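Student: Quick one: the structure is below, questions incoming.
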Amino acid sequence: MRAALKTVEQVTAGEALAIDYAGSEVLLDPAGAAWFAAERLLVVSDMHLEKGSSFARRRVFLPPYDTAATLARLAAMAAKYDPATIVSLGDAFHDDEASERLGDDALRAIGAIARGRDMVWVTGNHDPSPPEGVPGIPVDMLALGGIVFRHIAEAQETGHEVSGHWHPCARLVRHGKAVRRACFASDGVRLVMPSFGVFTGGLNVRDEAYAGLFHAATFRAYMLGSDRVHAVGPRDLYGD
Amino acid sequence: MSIATPPPQPSSAGIDLPRPFLDWFASKGWQPRVHQLELLARAEAGQSTLLIAPTGAGKTLAGFLPTLVDLTRRGRPKPGLRKPGVHTLYISPLKALAVDIHRNLSTPVEEMGLPVEIETRTGDTPQSRRQRQKLNPPDILLTTPEQLALLLSHKDAERFFSDLRHIVLDELHSLVTSKRGHLLALALARLHRLCPHLKATGLSATVSEPDLLRQWLVPQRTGGEMAGIVTVAGGAKPDITILKSKERVPWSGHSARYAMPEVYEAIRQHQTTLLFVNTRSQAELLFQELWKINDDNLPIALHHGSLDVSQRRRVEHAMQANSLRAIVATSTLDLGIDWGDVDLVVHVGSPKGASRLAQRIGRANHRMDEASKAILVPANRFEVMECQAALDANYLGAQDTPPLADGALDVLCQHILGSACAEPFRADDLYAEITTSAPYAHLPRETFDRAIQFVAHGGYALQSYERYARIKLTKDGTWRVAHPSVAQQYRLNCGTIIEAPMLNIRLTRQRKGGPLRGGPVLGKIEEGFIESLVQGDTFLFAGKVLQFEGIHENDCIVSKASDLNAKVPAYAGGKFPTTTYLSEQVRKMLADPSGWDRLPKQVSDWLAIQKAKSIVPGPRDLLVETFPRGNRYYMVAYPFEGRLAHQTLCMLLTRRLERAKARPLGFVASDYAVAIWGLRDMGQMLRRGDLSLSGLFDEDMLGDDLEAWLDESYLLKRTFRACATIAGLIEKRHPGKEKSGRQMTVSADLIYDVLRSHEPDHILLQATRNDARTGLLDIGRLGDMLSRIEGRIVHKDLEMISPLAVPVMLEIGKETVHGDDVSDALMAEAAEDLIRDAIGADI
């Protein structure tokens, strides 16, 4: 889905794409994070920490390094943008008990990322109760600078809304070749974040699940390339 | 495979055949053949045997005769006594072959009135019959390697096989080269332990190293133990010719379209013609081309593995009834199924291997004492040489069956889990058993122990999953399944055939506007191919030109296209590279102008011009040519090592040329040559000493450069996905399930990336690298080539393209290699268009 997993240096070196959103500039980073410079706010969504150990409970043994790898990427983003606030837009943990399975290293890593900043955990469908033992404030939703931040987009929302949950990805077909990549999905009013976790798949933006969320005419899939973000219009996008 | 035994031969004296057999042979006017009696005698002496025989030699009856005789002597079980279990297992690589053998074996058994029950057990066998088979087993069970593995994973396996005396392994030469063969070897090791008196009979076509197959059949205790061997000499030499076309043989391509009128004429002049091609897309194309000129409306049919089963069956029945004049087929027909009275085999395109040619020609004419007739139709000029080499090899009886690889580690992991499902095991005992199988005879204990750790809890250095283990080491020193669900998990994932995800092709009747669904299924097609289509694209399938309409759940919806110029399905499978042996013969042929007069004049003329304008390399040399063309500079090399090894070579050379600042832009690889082009004059760089060919082609490219490239190679990811599925790390995709919640699935690519960066020595990465050596990357062959050409690189700096370079240069643009670079370029292009549109609108 995303281009090959990058080293921390490569993640840091990615070139973000500036878009105009709710009257200010927002940087869409190819790592899958969004930077709201005016608020010094970094947003990531759907980290799905401890997805590996969640599968292990069903005796499917994915490499137990997903949490460390995802947190390393988050740390790299924090170092790159030096945010005052980090918002995790839900499904930070793959299941409701995941935060209890976090190892000491992971807890230390979260502590280091959160140090000197406000850490906000928006709850998601995978982690409805607030995480235990990790620094930060759990909230159901957040309103900041005229933008609503929540886990799942609400169809009746008419203002600017940033959400996650669907793990949007887009499929581009040209010259008989197809590329499928995670993406930010936006029509300029609503912005749906890509998933930030290293083990997360994606749902094509052409899927019925997105019906009614976006204005077709202004819709863009901001596809995550290996070192930059590419804005692709509806004409080039195809379902799976 | 017919078991009929035509003309009488001198009988081997002293063999005591039971009465019904003697009567039966007499009633048919036949006599048992020498090798059939030989196999019987050996089996009676308790020996395992490898039978090597050409098609039509009565192999099947030879394999089963010992069983039939033994069961006849035993007679029906007395009423009230326990009915014995399975006496003989027959393992076939194909379900269809098991069914075919069932039919062919039942005939003599019924005619002789023998007290023998025969049944098949395949993936298609209904659950009720499987249950009944376990309670009331037949005397002879015909099955596949996967079904045997499943039977062995049941708790009562030891009891079920307690009466087993004999196992017959059909088409052994084809089984042993794959992971299915590894799975079967491990099952055979188990059976040899459960039944110490088990006799194994291997039935095989001619192979290059029969001793390896002989070792395969019997337990390797001290190493090198071998089954006996019985070899039946081939019948009459086949009559093979290369089509001497009046038309111009093309420089490149694989369609052989130029030869269609001559191929059609050959079909007209024979009763039944079997046309072999190497890939399914070639089959579709050939079929289409033949029907375009089929003025006599001859019944010509198409058969390949992607077509719907019912359609394939119809073709097979028509074939057996001799109601077809020609059938276009891929390797699905390679294996020994009975195909009626074929009197001509036409091979379109090079067979790519000497043994493959021999096996395919064997399809014609099942009477081994009559010469089979075959015509080879080279699709391009290099293939003319390749066909000539294959023909020479056939005349000499040379064989180039692939070498046997060490047992795959992913299969080992699967087998360990299956073993635990059957009964608790001690690691020492299981290791001892596994190392009696030939492919695993040299398995290091340390690797085996890591495989157990993998099965238990993933085998990660970070041992965080122990509490969820699948198997646990208990106090009595045995490994046991930790939970009943584990056995279920094993059964769902058992097997080694990882097919690319497939979609049904459904022909919709509804045109524009209506919902996309309904209509008959034409067959299956790889999801990867469909992904590259957009609505309205056309392609050839099942002999029709189809228009892609869309995807609905697991169906790819198509309509009939009016367009006759279709894209051709680019199937992933079926493109094998030329064998090492054949490549070597082609290099020798090229190096020896005195033998060129055996080639068609247009080919020998071509080589003569090459000799005049550039260089004809020696048989062990590597010729490298450099020349400018357009505004690019080209480097063309001729290793003749097959497409896969060449692709890997290109990837690595491009990296090195980039470092040397030659600014390479692209490359293309054929079976014979590689071409790389760039912005700087590589010929000049070589002349000035800015670039050295010995440095460029140094073996050390298989070190760091290879590792660095593997980091990004999608080919390795594909290999990893198969290993991870076979080993049980990720679950097999089951039809219908995969579409639910795609965003919740974990892709193998992501696992691969995480594993590579965190635990590069993990057993699954080791398994992946082993596969890459022989599989999609062919690194082993590339390494051999690099050491062969050390100090033997010949450079020719030219002002223009050489004759030999034309074929590979024509490939440019036809095939490009996918990768992240391409993906990024596509996205960037789409984004630029969007900007251009936006700016255009503003103005």
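The values are calculated or read from the model by the stated rules, or taken from the named source; none is laboratory data. Keep in mind the model is a prediction, meaning the values are calculated, not measured. Counting neighbours? That spans all protein chains shown, and the Cβs are built from the backbone with ideal geometry, glycine included.
Student: Exactly one of these conditions fails for residue B:512: (1) in contact with a Gly (Cβ under 9 Å, 6 or more places away or on another chain); (2) in a loop (DSSP other than H, G, I, E, B); (3) at pLDDT below 95; (4) not aromatic (Phe, Trp, Tyr). Give me its number.
Tutor: (1)
Student: Yes or no: residue A:127 of a type outside the set (Lys, Arg), modelled with pLDDT under 90 and buried (at least 24 other Cβ atoms within 10 Å of the Cβ)?
Tutor: yes
Yes/no matrix, rows are residues, columns are (1) away from chain A (no Cβ under 12 Å); (2) in contact with a Cys (Cβ under 9 Å, 6 or more places away or on another chain):
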residue: B:429; (1), (2): yes, no
residue: B:436; (1), (2): yes, no
residue: B:455; (1), (2): no, yes
residue: B:485; (1), (2): no, no
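Student: Let me ask you something else. Among (1) more than 7 Å from chain B (Cβ to nearest Cβ); (2) modelled with pLDDT of 90 or more; (3) closer than 30 Å to residue B:748 by Cβ, there is one condition residue A:180 misses while meeting the rest; what is its number?
Tutor: Going through the list (1) more than 7 Å from chain B (Cβ to nearest Cβ); (2) modelled with pLDDT of 90 or more; (3) closer than 30 Å to residue B:748 by Cβ, residue A:180 breaks only (2).
Student: Can you tell which of A:62, A:42, A:49, A:102 is within 14 Å of chain B (Cβ to nearest Cβ), more than 13 Å from residue A:195 (Cα to Cα) and buried (at least 24 other Cβ atoms within 10 Å of the Cβ)?
Tutor: A:62
Student: Might you check whether a residue that is more than 19 Å from residue A:74 (Cα to Cα), within 14 Å of another protein chain (Cβ to nearest Cβ) and either surrounded by 16 or more Cβ atoms within 10 Å (Cβ to Cβ) or of a type in the set (Ser, Thr, Tyr) (or both) occurs anywhere in region A:110-124?
Tutor: For region A:110-124, residues more than 19 Å from residue A:74 (Cα to Cα), within 14 Å of another protein chain (Cβ to nearest Cβ) and either surrounded by 16 or more Cβ atoms within 10 Å (Cβ to Cβ) or of a type in the set (Ser, Thr, Tyr) (or both): absent.
Student: For region B:372-445, which helices (runs of 4 or more DSSP H) that fit wholly inside it have 1 or more residues that are under 22 Å from the mean Cα position of the chain (by Cα)?
Tutor: Qualifying helices (runs of 4 or more DSSP H): B:381-396, B:409-422.
Student: Sticking with this structure for a sec: Name the single residue, out of those in region A:194-224 being surrounded by 24 or more Cβ atoms within 10 Å (Cβ to Cβ) and out of contact with any strand residue (DSSP E or B) (no Cβ under 6 Å at 6 or more places or on another chain), that is farthest from the other protein chains (Cβ to nearest Cβ).
Tutor: Looking at residues that are surrounded by 24 or more Cβ atoms within 10 Å (Cβ to Cβ) and out of contact with any strand residue (DSSP E or B) (no Cβ under 6 Å at 6 or more places or on another chain), I get A:197.
Yes/no matrix, rows are residues, columns are (1) touching a residue at least 60 places away in the same chain (Cβ under 8 Å); (2) in the same structural domain as residue B:439 (by TED's automatic domain parsing); (3) within 24 Å of residue B:124 (Cβ to Cβ); (4) in contact with a helix residue (DSSP H, G or I) (Cβ under 6 Å, 6 or more places away or on another chain):
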residue: B:149; (1), (2), (3), (4): yes, no, yes, yes
residue: B:161; (1), (2), (3), (4): yes, no, yes, yes
residue: B:175; (1), (2), (3), (4): yes, no, yes, yes
residue: B:197; (1), (2), (3), (4): yes, no, no, no
residue: B:201; (1), (2), (3), (4): yes, no, no, yes
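Student: Out of the residues in region B:690-711 meeting the condition of being more than 14 Å from every other protein chain (Cβ to nearest Cβ) and not in a helix (DSSP H, G or I), tell me which one is surrounded by the fewest Cβ atoms within 10 Å (Cβ to Cβ).
Tutor: Restricting to residues being more than 14 Å from every other protein chain (Cβ to nearest Cβ) and not in a helix (DSSP H, G or I), the top hit is B:703.
Student: Find the residue count for region B:462-475, including only residues that are away from chain A (no Cβ under 14 Å) and free of Cβ contacts under 8 Å to residues at least 40 places away in the same chain.
Tutor: Residues in region B:462-475 being away from chain A (no Cβ under 14 Å) and free of Cβ contacts under 8 Å to residues at least 40 places away in the same chain: 2 in total.
Student: In region B:796-809, which residues are closer than 18 Å to residue B:650 by Cβ and in contact with a strand residue (DSSP E or B) (Cβ under 9 Å, 6 or more places away or on another chain)?
Tutor: Those that are closer than 18 Å to residue B:650 by Cβ and in contact with a strand residue (DSSP E or B) (Cβ under 9 Å, 6 or more places away or on another chain): B:804, B:805, B:808, B:809.
Student: Here's a follow-up. Among the helices (runs of 4 or more DSSP H) contained in region A:64-149, which hold 1 or more residues that are within 20 Å of residue A:33 (Cα to Cα) and of a type in the set (A, V, I, L, M, F, W, C)?
Tutor: Answer list for region A:64-149: A:66-81, A:104-114.
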